[in-house]
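Notes for the one structure printed next.
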Amino acid sequence: NELSASMRYNVNKAAEHGRDNAVSPPQGMTSEPASPIVTGSTLSETNASAKVGSGVPPIGTNATIQSLDRVRADATGQVLTTNQGVPIGDNQNSLKAGLRGPTLMEDFILREKITHFDHERIPERIVHARGSAAHGYFEAYKPLTEYTRAAPFKEAGKITPVFVRFSTVAGERGSTDTARDVRGFAVKFYTDEGNWDLVGNNIPVFFIQDAMKFPDLVHAVKPEPNNAIPQAASAHDTFWDFASLMPESTHMLMWAMSDRALPRSYRMMQGFGVHSFRLVNEAGQSVFCKFHWKPKLGTHSLVWDEAVKISGADSDFHRRDLWEAIEAGEYPEWELGLQIFTEEQAESFSFDILDSTKLIPEELVPVMPVGRMVLNRNPDNFFAETEQVAFCTAHVVPGIDFSNDPLLAGRNHSYVDTQISRLGGANFHEIPINTPIAPVANNQRDGHHRQTINRGRVAYEPNSLGGGCPFQAGMKGFVSFPEPIHEDKVRGKPEKFADHYTQATLFFNSQTEAEKQHIIGGFRFELSKLTVPAIRERMLSSLMNVSMELATEVADGLGMELPEAMPKALQIDVTPEITVSPALSLTALPGEGGVRTRKIAILVANGVEGTSVQALQTALVDAGAVPLLVAPRLGKVTAADGTVLEAQASMENTPPVLFDAMVLPDGEDAVALLARIGYTDEFIKNQYRHCKTILVLGASSKLTEKMGINPTLPTGETDPGLLFADASGIDAAAQQFIDAVSQHRHPARDMDPPLI
Ligand code: HDE
């Protein structure tokens, strides 16, 4: 596109020389854009541009679009102004007494600009500081009125807008996405009866049982206070010191050391409400409920070595993945499922349903699918939406109520409290992303940054001057479930809370062999980073109560003898309902995704056999994958038959860990070129080590041979992720490749230490 003169360079710079121009920028030298703005230019980003948010979501599925419209701003065609709306003549120069003289205090334009800038940062979240979010909607499959009067579940097909924020826990706002960590999964439902926040994680249990311990847990896992090391990592003394002294954390530690803590994508992880909640129906009857989100793409993870390298290659890996998928119209989707159970069932379980370190195995209470959630729009502005969104477990609506989980009680206090300092006052609910779609009317008034202009004289109740308004909703409003309570006031815990190991053992025993090895590797790595051997030993003594297989292998990996097992808090033996729960393995949810949105590297170089490359590209795009031609340098690559291909990535700018699978091309000359480049070895080594699918075409078999890669594994099995084909049989090979990539990874090749 031809760019208009005003877009080629900063024409305002022309006004900076000489007294006359400084006083009054000459006509035609301001940057008022030519009209109409050049369309299709990537230099002009307006609200209509595909590069800002995702433009237009499907109509009727996203009510927040309208509700946020009143605050959306677009500078297209507008003159530059101060915050008071005064047009600014010169945005280049401060006001001076003479061109070389002192800058004047009088310059309110400069002072306003700098003052605003000085205050652009707000405190980051004390936990979950690093996050990414998107808009979307929840759609109910069927009415759930038998159990709850909550608005989103009133009828089949009912749509409720949502805003969802995913996060890591320990790292600071700018930390890496692929740290080993729990992931936050917070959903704000803008229901017709007010906002409901389901503030969950991607792991169904938690480290502690009582809110009293939360500040201790967070202080232990955050960077150590003397030197602020390490960032976004639990592999340090203070975390394991605390964890090993708190055996109630053992079950959660098993999850945190597993692949669950290294998701491949936010789009490929489960979400859990963690606590037991209550559902309450119109008649006031209540059942208990646990919330589950299951990703349509299945649950998939990275491996540790890969996660570490991705941190260097792209620390925005998950943020980018979510953004790009939504921009591409590949809207991520989850199914909401409920585990509904009664008070009587709860009494009968071998564990306490008020204990957040315990889950309810799906074999005991099945997960009932009740609806789906689709994320179909990226935010327009990270700060205004993702940073300022304020979730709170106490934001419930009629039909949803709390259990007596003591962790939940602490959270119900904490979230509102933290927003008051983070967002600067009690009116954070007026920030557009936090405002409900349901109307708000009450007698709360004033405070920092108040936006609402409440009319009239009345800000109290009862009143007669305001006709008694706003009036109480009575039984139509939120009514707490009248749970009977006849107890002494005490500090303590029920006995079943003291069983710290049964479910940790259940989790370990429910994993596949590869998953178990990764858990062992996780513990080994983290504990190896400790500088105080006694902490390592204490942790091992606790793991002996989970599984001797686990403890022995971790001890072995650390070069240690097994110590005495840690004495258990609960002396009586617990008989669990089940000893294996297949649903706890990541393999339980392979997903319907196939290869959709998977990134595939097709290595190319001059002299490549081009027909097979193009055939593969077409087949992969048709299957919904994202194939990229990766060459030693960006730009044109000439195939053996003279066809010119365009490399979309270079081996330098997009390292192998950023791809889900790889193709090595045919073509003698290209292979000879690739063989001379160190990056090629890196590609093959990393893809191989991370158990990804590799398709080796024709002459490229020399490259894998050179690396010592053998289709027969040391176990005698044939490697299912290593495919060899000739360019002539490319159609069949493409299909085989797609099938193998949809397996995500090939654990048969997973060796510890790695083969290559
Ligand atoms: Fe949070 N947690 N938490 N938490 N949490 C916060 O609230 C807290 C817990 C979770 O994307 C904070 O707005 C206490 C469990 C998510 O904005 C804070 C306790 C679960 C997010 C807070 C817990 C979570 C937070 C920090 C123990 C999973 C990010 C900033 C009693 C079910 C939400 C903020 C977002 C954020 C307190 C335990 C999930 C300080 C006191 C269990 C997903 O209020």
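Take the range 561-582 and flag every residue that is among the small types (G, A, S) and buried (at least 17 other Cβ atoms within 10 Å of the Cβ). Answer for the range 561-582, where residues must be among the small types (G, A, S) and buried (at least 17 other Cβ atoms within 10 Å of the Cβ): just S581. Restricting attention to the range 413-429, which residues are crowded, with 16+ Cβ neighbours inside 10 Å, more than 9 Å from the ligand (Cβ to nearest atom) and assigned to a helix (DSSP H, G or I)? Scanning the range 413-429 gives F428, H429.
State yes or no: is L198 under 18 Å from the mean Cα position of the chain (by Cα) and either within 14 Å of the ligand (Cβ to nearest atom) or surrounded by fewer than 18 Cβ atoms within 10 Å (Cβ to Cβ) (or both)? The answer is yes for L198.
May I ask you to list the residues in the range 178-195 that are in contact with a Ser or Thr (Cβ under 6 Å, 6 or more places away or on another chain), away from the ligand (no atom under 12 Å from the Cβ) and outside any strand (DSSP E or B)? Once the filter is applied, which keeps residues that are in contact with a Ser or Thr (Cβ under 6 Å, 6 or more places away or on another chain), away from the ligand (no atom under 12 Å from the Cβ) and outside any strand (DSSP E or B), the range 178-195 yields T178, A179. Applying the condition of being within 8 Å of the ligand (Cβ to nearest atom) and of a type in the set (A, V, I, L, M) to the range 392-408 and asking which residue is surrounded by the most Cβ atoms within 10 Å (Cβ to Cβ) yields L407.
Looking only at the range 667-691, count every residue that is aromatic (F, W, Y) and surrounded by fewer than 15 Cβ atoms within 10 Å (Cβ to Cβ) and tell me the total. Outline the logic, then answer.
At the first step, the residues of the range 667-691 found to be aromatic (F, W, Y) are 679, 683, 688.
Now narrow it down to the ones that are surrounded by fewer than 15 Cβ atoms within 10 Å (Cβ to Cβ): none.
The total comes to 0.
Residues of the range 129-159 that are of a type in the set (S, T, Y) and either buried (at least 19 other Cβ atoms within 10 Å of the Cβ) or at positive phi (or both): S132, Y137, Y147, T148.
Total residues in the range 75-112 satisfying the condition of being assigned to a loop (DSSP other than H, G, I, E, B), acidic (D, E) and surrounded by 12 or more Cβ atoms within 10 Å (Cβ to Cβ): the figure is 2.
Test D681 against the criterion of being touching a Gly at 6+ places or on another chain (Cβ under 6 Å) and not hydrophobic (A, V, I, L, M, F, W, C), and give yes or no.
No; evaluated as a whole, the condition is false for this residue.
The condition (being more than 18 Å from E124 (Cα to Cα) and touching a Cys at 6+ places or on another chain (Cβ under 6 Å)) is satisfied by just one residue among D192, D210, D197, D216: D197.
Residues of the range 202-261 being among the aromatic types (F, W, Y), crowded, with 23+ Cβ neighbours inside 10 Å and within 14 Å of the ligand (Cβ to nearest atom), which ones?
Our first condition is that a residue be among the aromatic types (F, W, Y); within the range 202-261, this holds for 206-207, 214, 239-240, 242, 255.
Remaining after also requiring crowded, with 23+ Cβ neighbours inside 10 Å: 206-207, 239-240, 255.
Correct list: F206, F207, W255.
Confirm whether K290 is farther than 15 Å from D355 by Cβ, within 13 Å of the ligand (Cβ to nearest atom), within 23 Å of the chain's Cα centre (by Cα) and among the charged types (D, E, K, R). When the stated conditions are applied, K290 does not pass them.
Within the range 692-726, restricting attention to residues that are crowded, with 20+ Cβ neighbours inside 10 Å and either at pLDDT below 95 or β-branched (V, I, T) (or both), the residue that is nearest to the chain's Cα centre (by Cα) is T693.
The values are calculated or read from the model by the stated rules, or taken from the named source; none is laboratory data. Note that the coordinates shown come from a computational prediction; the quantities given were computed from them, not determined experimentally. With ideal geometry, Cβ positions are generated from the backbone for all residues, glycine too; neighbour counts draw on all protein chains shown.
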